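J.: This is the structure I have questions about; it appears just below.
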Amino acid sequence: MNFLTHLHLADISKTHLAANLAGNYITAPIADAPAPLRQGLWLSQEINTLCAIHELTQELLELFPAQLKIIAADLMFVSFDHYLAYYWEEYHPETLQNFSLKAYNELDIFASQASDAYHPQPLLSLIADMRREDWLNNYATPKGIQQALAQRAKNHPQSALFNGADKILAKMQIETETAFRTFYPQLMAYTRIWSRKTPSEYLP
């Protein structure tokens, strides 16, 4: 999943920041979630679905080397977080540093609550690392890209494929940046529409 993208879309849609990350981990019914989390969980899944089926993302995934197809989506999402951080001022009125501080604080509050079906332990385990290593601000840098790829490789069954993946992304800069700059404004627009048209059972 792309952490910065989900947090940014949660913020512009005025939904729960942590819930938009937790949506990638839960399998329990959203309608049974704590009321403050429901809309963010639902929105997270709508975002993921669009990212998976949109023609621009599908076209980009096809451009990755054949031997990396199994991790192509991971590489695409890392590149999207990188370009969002790099061009942050074009997509959000706050500075990335101020936004990151707000996000870390909200994630800390979420992590302080008991682990359950809607506060998944895999996410809670990452939150302290996110803040300590400042993932959100670092996405804008080459070091941050390497950091994000290393994190994704940890629990991936084909972790060796991530070796040198930063060099692949560097070679595909034109393709990945063009896809992001074209697709992301559409994703922002869809997110705002979804936030206004959320089914009533998922509203706080």
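The values are calculated or read from the model by the stated rules, or taken from the named source; none is laboratory data. None of the values given here were measured: they were computed from a predicted structure. Positions of Cβ are generated from backbone atoms using ideal geometry, with glycine treated the same way; all protein chains shown enter the neighbour counts. Accessible surface areas use protein heavy atoms only, side chains included; no ligands, DNA or RNA. Shrake-Rupley method; radii C 1.70, N 1.55, O 1.52, S 1.80 Å.
J.: Mind computing the radius of gyration and Dmax over the alpha-carbon atoms of the range 116-204? Å is fine for both.
T.: So, for the range 116-204, Rg and Dmax equal 17.0, 46 Å respectively.
J.: Additional query: What percent do you get for the relative contact order of the range 1-80 when only Cα pairs under 8 Å and 6+ apart count? Kindly include the intermediate steps, with their values, before the conclusion.
T.: Working: 61 pairs, mean separation 22.6, N = 80.
After rounding, I find 28 percent.
J.: Moving on. Highest mean first, how do 6-18, 65-77, 186-198 rank when packing is the count of other Cβ atoms within 10 Å averaged over residues? All intermediate terms of the calculation are to be shown ahead of the outcome.
T.: Working: 6-18: 22.3, 65-77: 16.5, 186-198: 14.8.
The most tightly packed comes first, giving 6-18, 65-77, 186-198.
J.: Counting helices only, and only those DSSP H runs with n ≥ 4, report the 222 nm mean residue ellipticity of the chain as the sum of -39,500 (n - 2.57) divided by its residues, in deg cm²/dmol to the nearest 500. Walk me through the numbers before you get to the answer.
T.: On the way: 11 runs with 134 residues, N = 204.
Here the helix-only value at 222 nm equals -20500 deg cm²/dmol.
J.: Go through LYS167/LYS197; LYS102/LYS197; LYS14/LYS143; LYS69/LYS143 and tell me which ones have a Cα-Cα distance over 32 Å in this structure.
T.: Numbers: LYS167/LYS197 41 Å; LYS102/LYS197 26 Å; LYS14/LYS143 30 Å; LYS69/LYS143 23 Å.
Violating the 32 Å limit, Cα to Cα: LYS167/LYS197.
J.: Hey, with R₀ at 22 Å, roughly what FRET efficiency would TYR87 and ILE53 work out to, going by the Cβ-Cβ distance, to 0.05?
T.: On the way: r = 25 Å, r/R0 = 1.12.
Calculated transfer efficiency: 0.35.
J.: Would you mind working out the accessible area per residue for the range 118-204, using a 1.4 Å probe, and quoting it in Å²?
T.: Numbers: 4790 Å² over 87 residues.
Per-residue value: 55 Å².
J.: What is the sum of charges around ASP166, taking Lys and Arg as +1, Asp and Glu as -1, for the other residues whose C-beta is under 14 Å from the C-beta of ASP166?
T.: +2
J.: So for ASP116, ASP32, ASP166, ASP81, what's the accessible-area order with a 1.4 Å probe, most first?
T.: Values: ASP116 75, ASP32 105, ASP166 40, ASP81 5 Å².
Result, largest first: ASP32, ASP116, ASP166, ASP81.
J.: Given Cα pairs under 8 Å that are at least 6 residues apart, what percent is the relative contact order of the chain?
T.: Relative contact order here is 32 percent.
J.: Can you give the Rg to Rh ratio of the range 12-74, both from alpha-carbon atoms, with Rh computed by the Kirkwood formula?
T.: Values: Rg = 14.6 Å, Rh = 13.2 Å.
Radius of gyration over Kirkwood radius for the range 12-74 works out to 1.10.
J.: Something else about it: In whole percent, how big is the carbon plus sulfur part of the accessible area of the chain, probe 1.4 Å, protein atoms only? Show your work: numbers first, answer last.
T.: On the way: 5270 of 9720 Å².
About 54 percent, which is the carbon plus sulfur part of the accessible surface.
J.: With the radius of gyration and the Kirkwood radius both derived from the Cα set of the chain, what is their ratio Rg to Rh? All intermediate terms of the calculation are to be shown ahead of the outcome.
T.: Details: Rg = 16.3 Å, Rh = 17.3 Å.
So for the chain, dividing Rg by the Kirkwood Rh gives 0.94.
J.: As an exercise, find the ratio Rg/Rh for the range 64-181 from alpha-carbon atoms, using the Kirkwood inverse-distance average for Rh. The partial results should precede the final answer.
T.: Values: Rg = 15.3 Å, Rh = 15.4 Å.
Answer for the range 64-181: 0.99.
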